[in-house]
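A quick write-up on the structure given underneath.
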Amino acid sequence: MVSTDEMVEILDKVYDLPTLPTVYMRISNLMNRDDISVKDIGDVIATDQSITIKILRLVNSTFYGFSRKIVSIQQAIVLMGFNTIRNTVLSVSVFDEFSEMDNEYFNLNRFWQHSIACGIISATVDKSLNTGFRDEVFVSGLLHDIGKIILNKYFSTEFGQILAHAKKNHTSFYESERAIIGFSHNDLGEYLCDKWKLPFPLVESVALHHQPDNIRSSPKLVSIIHLADTFSYYLQSGYLNDFKQPQLSPFILEELDIKKETVRDLFKGVKQEYEKSMELFSFIN
């Protein structure tokens, strides 16, 4: 059993802990300026051939459905918009950063399918409920389980023990983490996102998406991620390493000011967006 403080001590000594993608950081810094231009963003993206190719492939796909072929990254930026481009860059970059972590316990494709789905469903719920988070909610959904990758890479033996415990006891992966090692992928994800200096509401949504009633400052954002995570589970007919169906926290109904009937309506509405998320996954993977 390892305490959260001991977990931090272990990770502080890791020399190859993943860093926030450089292209994403440069674009985010540019977007804080008042004089940002399409050329500025395009020049940054053009420094990474893999990202450039994937964005052009995506913008020319049926996911967007433009009638003419888009041949330059500048055209893609104009059509997709700065925020969508930034989110796409983050998705592609993170995929590339963690591209070789499959093992007998961890199916990376399945993981990213869930992450992309959660990002898109979060954005759909945000729009439906008019909560106003916009692009922040997509990134929160995309990264909500990023701690599982850290767990798989740096605590691989424990990962196997957690999985065996969850399977034997029909518990969630999160519950088995707490039982076996004393901390969870939420804690690991919070650590990584804090290291990346991401905004606190986003860090909190990663840290508390399984415990929205413990929220400190961003209850609506965390509630949306909790809801989207649950929706994603059922749309995927289960998910990575969970042997217990997740239940919605009653807290989020109050926080989002919705009834159970609204949740059912939202679930029906996100099914189509889930199909879109699988198409998006195929183009950036």
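Filtered by the rule that a residue be under 22 Å from residue 268 (Cα atoms) and over 8 Å from the mean Cα position of the chain (by Cα), region 136-157 gives a lone residue, 137.
Just one of the listed residues (50, 93, 67) is under 25 Å from residue 187 (Cα atoms) and among the small types (Gly, Ala, Ser), and it is 93. Kindly provide the set of residues from region 174-190 that are part of a helix (DSSP H, G or I) and buried (at least 24 other Cβ atoms within 10 Å of the Cβ), ordered by number. Residues satisfying the conditions are 176, 177, 185, 188, 189. Cβ-Cβ contacts under 6 Å between residues 6 or more apart (or on different chains), taken from a first residue in region 1-24 that is farther than 19 Å from residue 161 by Cβ to a second residue that is assigned to a helix (DSSP H, G or I) and charged (D, E, K, R), are listed as 18/97.
Consider residue 30 carefully, then state whether it is of a type outside the set (Lys, Arg), touching a Leu at 6+ places or on another chain (Cβ under 9 Å) and closer than 22 Å to residue 193 by Cα. No: the conditions fail for residue 30.
The set of residues from region 102-127 being over 19 Å from residue 186 (Cα atoms), surrounded by 15 or more Cβ atoms within 10 Å (Cβ to Cβ) and over 17 Å from the mean Cα position of the chain (by Cα) comprises just one member, 127.
When residue 97 is tested against (1) at pLDDT below 85; (2) of a type in the set (Asp, Glu); (3) surrounded by 15 or more Cβ atoms within 10 Å (Cβ to Cβ), just one condition goes unmet, and that condition is (3). The number of residues in region 191-232 that are in a loop (DSSP other than H, G, I, E, B) and at pLDDT 90 or above comes to 2. Would you confirm whether any residue within region 195-203 is buried (at least 16 other Cβ atoms within 10 Å of the Cβ) and under 21 Å from residue 110 (Cβ atoms)? For region 195-203, residues buried (at least 16 other Cβ atoms within 10 Å of the Cβ) and under 21 Å from residue 110 (Cβ atoms): absent.
Applying the selection to region 124-148, what residues are assigned to a helix (DSSP H, G or I) and out of contact with any helix residue (DSSP H, G or I) (no Cβ under 7 Å at 6 or more places or on another chain)? Within region 124-148, 127, 129 meet the criteria.
The values are calculated or read from the model by the stated rules, or taken from the named source; none is laboratory data. Everything numeric here is computed off the predicted structure, so don't read it as measured data. Cβ atoms come from the backbone with ideal geometry, glycine included; neighbour counts cover every protein chain shown.
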